[in-house]
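Visitor: Questions regarding the structure given below will be posed in turn.
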Amino acid sequence: MSKGKVFLVGAGPGDPKLITVRGMETIKQADCIVYDRLASPRLLAHARPDVELIYCGKLPDRHTLTQEEINQVLVDKALEGKVVTRLKGGDPSIFGRVGEEAEELAKHDIPFEIVPGITSGIAAPAYAGIPVTHRDYNSSLAIVTGHERPDKTESSINWEKLATAVETIVFYMGVGNLPFIREQLIKYGRSPQTPVALVRWGTTVDQETLVGTLENIVEKREEAGLTNPAIIIVGEVVKLRDKLQWFEKKPLFGKRVLVTRARSQASELSEKIAELGGEAYEFPLVKMIPPTDPRPLDEAISQLGSFDWVIFTSPNGVGFFFKRLRELGADIRHMRAKLAAVGPKTAEALQEKGLTVTVLPGEFRAEGLLNSLEGQLKPGEKVLLPRADIAREVLPRELKERGLEVTEVDTYETVIDAENAAETIELFKEKAISIVTFTSSSTVKNFVQALAQENLQELLDGVQIACIGPVTADTAKELGLAVDIVAKDFSIQGLLDALLTNGGGK
């Protein structure tokens, strides 16, 4: 068997979007990923479904795998002919022990590649509003380990020279040694009034920043209870934070928002949450599949030219309808009907197919669509209603009462999809979720079903429930959930606006 290859990859400082393009490529092509705790787990979602995942997370005081064991895993997997991605937080060449791993691979003549990453010592201060260099404050920068090997009998850091040789010093993983660091810097000439900042979990929703001076930072840290992983910045550039902090000012900063939309739809909401400073945790609860019995849909498509109106109630309905139309080889030119859409996203999906929407309501639900259709529908007209198997009955019932001939067909079915329920439950128990968003009644029902074995009232204590509209909110209330936020505009943007209006937290 031929040898594989090992990529020693910097995963970046925490925010998964800060990984390099090359780093992402190696994740996608890996047969095996060996990752540590400082690499965002969200990056693993980009890996192949059949990838082998090996966790080797390390804390300063304990290891899941020793460094020697990690080295051996890399060698063994490569000798199996696998492409291995070793995913390390920050940049692998900066206190990432990449040299030791590369040496072991070279010893076994295994091909490897080092993929640099954005290091936390630069990124975490930047996200805290502290550029590590500024021409008005410094012209030099030192990067120093704050956690030397525990078996060392004496420090290899020349504190006497370091203390005053450079204007800005960045220490990695040094919170546990902060009293010693302060003592050495002051002892060898650094002013006790030198500004100091500690940035914990920099670039993530859990980022914490603590500012003080060499004189008082130890006491401030003890009072705040701030622990690793954290970066320590010593120098006058820390003063810039008052003017330049930006990340922590974003409206959803500090909030982890649960997104329950179908996996295929979640990205839009997740990206907007991230833009607002929050972190979206995706818990897809709905999976859309073609109808079990496609015959009613096929029959409707075969008679497409006979309908006066075709009313679409979701972008999914549009997508599945036209997918089946293509599969049957049907000609869209046979459709002479007027088109109505329940909302702008549905209309956009139709317009992308070159179709003109005649009616688009101001209120994006069945009732609003009925109001917009008032005066345009004539008794006896034939209406095709392609939609989900669990769609509300308001629209077809009202259309029939107005004398129209309505053909309802299921273009897709919705089924529960709660693959990562166990992980989600743990996040609730850790009080890591601030807000749960529901974008349909089916997401609410599936949420309750997926967590049926848990005490929901206890699990959701202190968590806001946000719904895209009153119909979804009513479903949530019927199932015993306390709803805090209901969007006035029944759209994703409307839901985001409602979150911001309500302050994004209790």
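Visitor: Select from the stretch 405-506 those GluC sites (Glu not before Pro) which occupy a DSSP coil region and have at most 12 other Cβ atoms within 10 Å, ordered by residue number.
Guide: 430
Visitor: Quick check: the angle from helix 266-275's long axis to the longest principal axis of the chain, C-alpha only, nearest 10 degrees?
Guide: Once rounded, one gets 50 degrees.
Visitor: For a quick check: with amide H placed at 1.01 Å from N, whose amide H comes under 5 Å from residue 93's, ignoring anything fewer than 5 positions away on the same chain?
Guide: 117
Visitor: Say the cut-off is 22 Å between C-alpha atoms; which of 345/382; 88/250; 250/429; 28/77; 338/400; 378/400 go over it?
Guide: In this structure, 345/382; 88/250; 250/429 lie more than 22 Å apart at Cα.
Visitor: Moving on. Under the rule of -39500 (n - 2.57) per DSSP H run of 4 or more residues, summed and divided by the residues of the chain, what mean residue ellipticity at 222 nm is obtained, to the nearest 500 deg cm²/dmol?
Guide: Mean residue ellipticity at 222 nm (helix-derived): -9000 deg cm²/dmol.
Visitor: Cα-based Rg of the chain per 2.2 N^0.38 Å, rounded to two decimals?
Guide: 1.21
Visitor: Continuing with this model, one more query. How high is the FRET efficiency between residue 382 and residue 452 when r is their beta carbon distance and R₀ equals 51 Å, given to the nearest 0.05?
Guide: Efficiency, from the Cβ-Cβ distance: 0.75.
Visitor: Loop only by DSSP, 12 or fewer other Cβ within 10 Å of the Cβ. Give me the trypsin sites (Lys or Arg not before Pro) in the stretch 53-147 that pass, ordered by residue number.
Guide: Within the stretch 53-147, the qualifying trypsin sites (Lys or Arg not before Pro) (loop, at most 12 other Cβ atoms within 10 Å) are 135.
Visitor: Now for a separate question. Report the number of Lys pairs in the stretch 122-248 whose alpha-carbons are under 26 Å apart, with separation of 8 or more residues or on distinct chains.
Guide: 8
Visitor: Let me ask something else about it. According to the square roots a ≥ b ≥ c of the eigenvalues of the Cα gyration tensor, what is the shape class of the stretch 122-248, taking rounded for a/c under 1.5, prolate for a/b larger than b/c otherwise, and oblate for the remainder?
Guide: oblate
Visitor: If you don't mind, there's one more thing I want to ask. Which shape class, rounded, prolate or oblate, goes with the stretch 1-99 when its Cα gyration tensor gives a ≥ b ≥ c as root eigenvalues, a/c under 1.5 marks rounded, and past that a/b bigger than b/c marks prolate?
Guide: oblate
Visitor: I would also like to ask the following. PRE reach from residue 332 (point 7 Å along Cα→Cβ): which of the stretch 280-295 fall under 19 Å by backbone N?
Guide: Hits in the stretch 280-295 for residue 332 at 19 Å: none.
Visitor: Further question: Calculate how many DSSP beta bridges within the chain are antiparallel, expressed in % of all such bridges and rounded to the nearest 5.
Guide: 30 percent
Visitor: Tell me which residues come under 5 Å, amide H to amide H, from residue 438 once H is placed; ignore anything under 5 positions away on its chain.
Guide: 466, 467, 468
Visitor: Additional query: Less than 20 Å apart at the alpha-carbon level, and either on another chain or at least 8 residues along: which aspartates and glutamates does that give for residue 17?
Guide: Reachable aspartates and glutamates: 25, 36, 91, 206, 208, 248, 268, 271, 275, 279, 282.
Visitor: I've got another one for you. Between residue 206 and residue 55, 0.36 nm times their residue separation minus their Cα-Cα distance comes to what?
Guide: 52.2 nm
Where a number appears in this text, it was derived from the coordinates with a stated rule and is not lab data. These figures come from a predicted structure and were not determined experimentally. Virtual Cβ from ideal backbone geometry, glycine too; neighbours counted across all protein chains shown.
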